[in-house]
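The values are calculated or read from the model by the stated rules, or taken from the named source; none is laboratory data. Just so it is clear, the structure is predicted and the values come from calculations on it, not from any experiment. With ideal geometry, Cβ positions are generated from the backbone for all residues, glycine too; neighbour counts draw on all protein chains shown. To get the accessible areas, we keep the full protein, side chains included, count just its heavy atoms, and leave off ligands, DNA and RNA. Shrake-Rupley method; radii C 1.70, N 1.55, O 1.52, S 1.80 Å.
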Amino acid sequence: MSALAARTGAVNLGQGFPDFDGPPSMLERARRAIAEGVNQYPPGIGDPDLRNAITEHQQRWYGIDLDPDSQVLVTAGATEGIAAAMLGLLEPGDEVVLLEPYYDSYAATIALAGGVRRPVRLEPPDFALPREAMAAAVGPRTRLILLNSPHNPTGMVLGRDDLAFIAELAVRHDLIVVTDEVYEHLTFDGVPHLPLSTLPGMAERTITLSSAGKTFSATGWKIGWATGPAELVAAVRAAKQFLTYVNGAPFQPAVADALRLPDSYFDDFRMALQTKRDRLIGGLGAAGIATFRPSGTYFVVADARSLGFDDGYQLCRELPELCGVVAVPMQVFYDDPAGARHLVRFAFCKRDEVLDEAVRRLRTIGPN
Ligand code: PMP
């Protein structure tokens, strides 16, 4: 879709990357690191200062205690964290329960590890956790639950009750949970992000993944991290060793600095994205396009039927020609897209003028 946007000159609200830069001090720190010669392999588990900064961040925001030497691993983005977790923690035939729709690397990496996915569907309009279906998906072969909250692509954020339900399920069946929390700082309307690992019984069985890409608007840097109990982190590290070994030396001190930014950076970032959410939803609404209001992430799901399309894939193929806008069909995030064919996803991590221009263009084909 990004290639289509580039080819047609369309406004790209497809792929989820910001069109603005992260904190200037972080960018400057990376430039300085390169100038100072931080250009060779960093330690395999990551730069010690970055691992300290990650533990400080988990303590400051969530009260989580981690040993930076055994419970933290720097990864090449959360994408590598996901791959290394699946490869390191699954044996062929192991089943993985995961929320559907899901970020596309989940299916691929479960398959690479020889695992079998057991999707649990989130349904519009609220994409709430279907507890019974989740409990029913857990069977004798289940090894792992792969969670994502705040959730891409729906924008759903799991609340304490849902997390407690999942925790109880994981403890009862002695499961590992890998929780992808890359949008941890992007929750809106006062909805808190609660790391699953803070729930009773979970610290010893949870690998938490996050990434500087989202929190510091640097998706191209590919600095992520996995945290959790030492044995599980060691398993993830064993896989990472042969995926990339190490990554992004000069970006690591820069991300360490960014993680130590005052609370105001994180609060301002959250508010800025909430305002962008409201701007896009308001604009789409005024154009007559129905949306589902996300509580987190930088995505909003819209109903293609508002534009006269039953099929979101067809809409997304035609949208660049129709009015010069790119979105992503939700179908790509499902094993079985039945019931979700009419949904499309827009990203709102874009400059205000870009959001406004997209809305202006959509209005030319919208019902209003
Ligand atoms: N998990 C989710 C849910 C995502 O949306 C993304 C990015 N789109 C990632 C992981 C990947 O993160 P990174 O860029 O750090 O690899």
If unit charges are put on Cβ atoms (+1 for Lys and Arg, -1 for Asp and Glu) and the dipole of the chain is taken about its Cα centre, the option from LEU322, TRP61, ALA128 lying farthest towards the positive end turns out to be LEU322
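Rounding to the nearest 20 debye, state how big the charge dipole of the range 36-132 is about its Cα centre with +1 on each Lys and Arg Cβ and -1 on each Asp and Glu Cβ. The partial results should precede the final answer.
On the way: 6 positive and 16 negative charges, 50 e Å.
It works out to roughly 240 debye.
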What residue among TYR102, TYR298, TYR265 has the largest mean-square fluctuation in a Gaussian network model of the chain, using Cα springs under 10 Å?
TYR265
Euclidean distance between Cα centres, the range 195-231 to the range 127-168, Å
17 Å
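So how strong a dipole does the chain carry about its Cα centre when Lys and Arg Cβ are +1 and Asp and Glu Cβ are -1, to the nearest 20 debye? All intermediate terms of the calculation are to be shown ahead of the outcome.
Details: 34 positive and 45 negative charges, 134 e Å.
The calculated dipole for the chain is roughly 640 debye.
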For THR244, enumerate residues with amide H under 5 Å from its amide H, sequence gap 5+ or separate chain, H modeled in the peptide plane.
none
Using Cα springs under 10 Å in a Gaussian network model of the chain, which residue among ARG141, ARG260, ARG305 shows the largest mean-square fluctuation?
ARG141
Please give the FRET efficiency for ASP352 paired with GLU56, using the beta carbon to beta carbon distance and R0 = 35 Å, rounded to the nearest 0.05.
0.60
Can you list the HN-Hα couplings for the range 127-141, worked out from phi with the Karplus curve (6.51, -1.76, 1.60; θ = phi - 60°), rounded to whole Hz and with x for Gly and Pro?
6, 6, 5, x, 4, 4, 5, 5, 4, 5, 6, 7, x, x, 8
Of GLN241, GLN274, GLN71, which has the largest mean-square fluctuation in a 10 Å C-alpha GNM of the chain?
GLN241
Fraction of accessible area attributable to carbon and sulfur, the range 3-92 (%, probe 1.4 Å):
52 percent
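Largest first, what is the accessible-area ranking of HIS342, HIS57, HIS173 with a 1.4 Å probe?
On the way: HIS342 25, HIS57 5, HIS173 75 Å².
In descending accessible area the options line up as HIS173, HIS342, HIS57.
Compare ARG279, ARG160 by solvent-accessible area with a 1.4 Å probe and give them largest first, with all protein chains kept in place.
ARG160, ARG279
For the ranges 357-364, 290-297, what's the packing order if you count other beta-carbon atoms within 10 Å of each residue, average per peptide, and put the highest first? The partial results should precede the final answer.
Working: 357-364: 19.5, 290-297: 22.0.
In decreasing order of mean packing, 357-364, 290-297 become 290-297, 357-364.
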From a point 7 Å beyond the Cα of ARG141 in the direction of its Cβ, which residues of the range 93-132 have a backbone N at a distance under 20 Å?
93-100, 106-121
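Full-extension gain between ASP278 and ASP189, please, as 0.36 nm times their residue separation minus the C-alpha to C-alpha distance.
Length difference between fully extended and current span is 31.0 nm.
Tell me the carbon and sulfur percent of the accessible area for the range 224-368, rounded to whole percent, probe radius 1.4 Å.
Values: 2820 of 5530 Å².
Percent of accessible area from carbon and sulfur atoms in the range 224-368: 51.
Which order do LYS350, LYS222, LYS214 take by accessible area at a 1.4 Å probe, largest first?
Values: LYS350 5, LYS222 90, LYS214 40 Å².
Accessible-area ranking of LYS350, LYS222, LYS214, largest first: LYS222, LYS214, LYS350.
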If ligands, DNA and RNA are left out, what is the accessible area of VAL354 with a 1.4 Å probe, given in Å² to the nearest 10?
30 Å²
Need the C-alpha centroid separation for the range 277-343 versus the range 1-78, integer Å.
29 Å
At a Cα cut-off below 18 Å, give the lysines reachable from LYS222, other chains included and same-chain residues fewer than 8 away excluded.
LYS214, LYS240
Taking the Cα centre of the range 194-308 as origin and charging only Cβ (+1 Lys, Arg; -1 Asp, Glu), how large is the dipole, in debye to the nearest 20?
300 debye
What does the accessible area of LEU232 come to, in Å² to the nearest 10, when a probe of 1.4 Å is used?
20 Å²
I'd like the antiparallel share, as a percent to the nearest 5, of DSSP beta bridges with both residues in the chain.
45 percent
When the charge dipole of the range 24-259 is computed with +1 on Lys and Arg Cβ and -1 on Asp and Glu Cβ about the Cα centre, the Cα farthest towards its positive end, among THR198, LEU175, PRO43, belongs to PRO43
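With a Förster radius of 56 Å, plug the Cβ-Cβ distance of ASP126 and GLN40 into 1/(1 + (r/R0)^6) and report the FRET value to the nearest 0.05. Working shown, then result.
Numbers: r = 49 Å, r/R0 = 0.88.
The formula returns an efficiency of 0.70 here.
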